[in-house]
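Nothing in this text is a laboratory measurement; each read-out follows from the coordinates by a stated rule. Small disclaimer: the values here were computed from a predicted structure and weren't measured. For neighbour counting, all protein chains shown are included, and Cβ atoms are generated from backbone atoms with ideal geometry for every residue, glycine included.
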Amino acid sequence: MTTWIAGTQFNRRVPWVAWVALIIGMSTLLSGCVTTENGTATHDERLLPQPLRTLGLTIHHAGLAKGSYSWGIDDPAEVADNAIAKVQRACSGNRPSVTWLGHSAAIIHIGGRCLLTDPVLERQASPLSPLPTRLVDNPVRVAHLPEIDAIILSHGDYDHLHTPTINALAQRFPDADIVLPQGMANTVVGAGYPSVNELQLGETVRIGGLRITAVHAYHETRRNLAAVKSGEAVSWIITDGRKKILFIGDTGYGPTFKEIGRAHGPFDLLLVPMGAYEPRELVADMHANPEEAAMIARDVRARKAIGIHWGTFALSPERPQEAASRFRAAGRELGVDTRVMAIGETLLVP
């Protein structure tokens with residue numbers, strides 16, 4: 001027998017003691033409040049009030065662990081024909097480009113450098129780095145990648161920082177730089193990378209002729225099975241002085257994107273998350289829906305926006321292709337060039 005709480009399936013066949021233990025362990029989850037500049041906590045009207053949100057998030061995360069959201073979903077992201085061959089050529093052209101590898105993983109070719117974002121590519125299971133159920137079996141592995149100069153991590157959630165992939169990358173590309181938010185070096189230091197760059201908001205690192213700057217995102221790292229906050233998440237501005245790209249691995253929507261647009265825009269290309277946005281009453285503050293993703297593109301003044309963080313893992317109950325259709329439609333309504341890609345597909349930066 002199943003019951004729905006806050007849009008999330010609760011399976012009563014699971015022993016009630018296990019659910020109680022999960023609820024107790026999740027008691028420090030997001031409170032459903034936002035903090036103003038003077039430190040006053042106010043309730044986010046998009047979210048369930050407490051303690052319902054904590055209960056709902058507990059069940060939601062249990063559903064992720066069980067693979068509940070993969071049942072009946074038959075329209076994940078497509079895989080491009082000859083995806084491996086296309087990925088191998090991703091950094092061979094003369095023009096800046098982006099190649100999507102699924103979820104928030106992408107190859108960005110800019111300024112003669114080959115960058116890799118939030119890579120989750122290896123099949124190896126890891127108790128220290130568990131993954132949600134896959135909706136699509138990505139054929140691309142670390143062995144198929146072109147020469148990688150730098151790895152850019154938006155945050156440390158398991159579906160963005162996958163330890164087996166990070167270790168495999170260190171073996172194949174021992175001279176690659178890693179760029180990540182402050183406080184996350186301990187998650188990659190054991191892999192042996194020679195250059196680990198931890199950046200606070202507003203800080204910039206130079207890699208070759210590139211400037212990579214950390215700016216705000218409405219998200220946090222929760223790298224533990226209890227989903228308790230353990231670090232921050234950031235967005236990354238990447239520029240070679242001619243083209244400018246904004247990579248957002250995971251975020252909700254908010255006014256900071258207009259500020260980013262005013263201070264740093266316009267952007268030639270935006271990689272913006274637009275999936276895993278249900279149930280809204282539980283995750284609206286940390287996962288943008290397709291319409292909000294298009295609004296982010298408008299706010300930062302992006303010439304072209306590519307929707308990511310969708311169609312790859314069973315993270316939420318929405319249908320992936322519906323998310324893609326809504327993202328394209330929202331772009332048309334707002335006058336923004338919004339697109340989705342197949343895994344392995346390459347698009348030129350305008």
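As a rough guide to protection, the peptides 186-194, 46-54, 291-299 ranked by mean Cβ packing within 10 Å, highest first, stand as 291-299, 46-54, 186-194.
Projecting the alpha carbon convex hull of the stretch 83-348 along each direction and taking the average yields 12.3 nm².
When you filter the GluC sites (Glu not before Pro) in the stretch 117-207 for DSSP loop state and at most 16 other Cβ atoms inside 10 Å of their Cβ, you are left with E147, E203.
Among H309, H162, a tally of other beta-carbon atoms within 10 Å of each Cβ gives an order, fewest to most, of H162, H309. For the stretch 86-129, trypsin sites (Lys or Arg not before Pro) meeting the loop criterion (DSSP other than H, G, I, E, B) and having at most 16 other Cβ atoms within 10 Å: R89, R123. In the chain, helical runs assigned H by DSSP with n ≥ 4 each contribute -39500 (n - 2.57); averaged across all residues and rounded to the nearest 500, the mean residue ellipticity at 222 nm is -6500 deg cm²/dmol.
With Cα atoms defining each centre, the stretch 316-331 and the stretch 230-287 are spaced 18 Å apart in the structure. Put a dot 7 Å past the Cα of D81, heading toward its Cβ, do the same for K66, and the two dots end up 4.1 nm apart.
Close amide H contacts of I151 (hydrogens built in the peptide plane, cut-off under 5 Å, sequence separation of 5 or more or a different chain): L116, D177, I178, V179.
Loop-resident trypsin sites (Lys or Arg not before Pro) (DSSP state other than H, G, I, E or B) in the stretch 186-293 with no more than 11 further Cβ atoms inside 10 Å of their Cβ: R242.
Each label was represented as a point 7 Å from its Cα along the Cα-to-Cβ direction; for D337 and V136 these points are 2.2 nm apart. DSSP beta bridges fully contained in the stretch 83-348 are about 60 percent antiparallel.
DSSP beta bridges confined to the stretch 171-276 are antiparallel in about 70 percent of cases.
Evaluating 6.51 cos²θ - 1.76 cosθ + 1.60 at θ = phi - 60° for every residue in the stretch 232-242, the Karplus couplings come out as 9, 10, 9, 9, 10, 9, 10, 9, 9, x, 10 Hz, glycine and proline recorded as x. The ranking of M274, M184 from fewest to most other beta carbons within 10 Å of each one's beta carbon is M184, M274.
Counted by neighbouring Cβ atoms within 10 Å, the residues D149, D250, D137 run from fewest to most as D137, D149, D250.
Full extension of the segment from R319 to R89, taken as 0.36 nm per residue of separation minus the current Cα-Cα distance, would add 79.7 nm.
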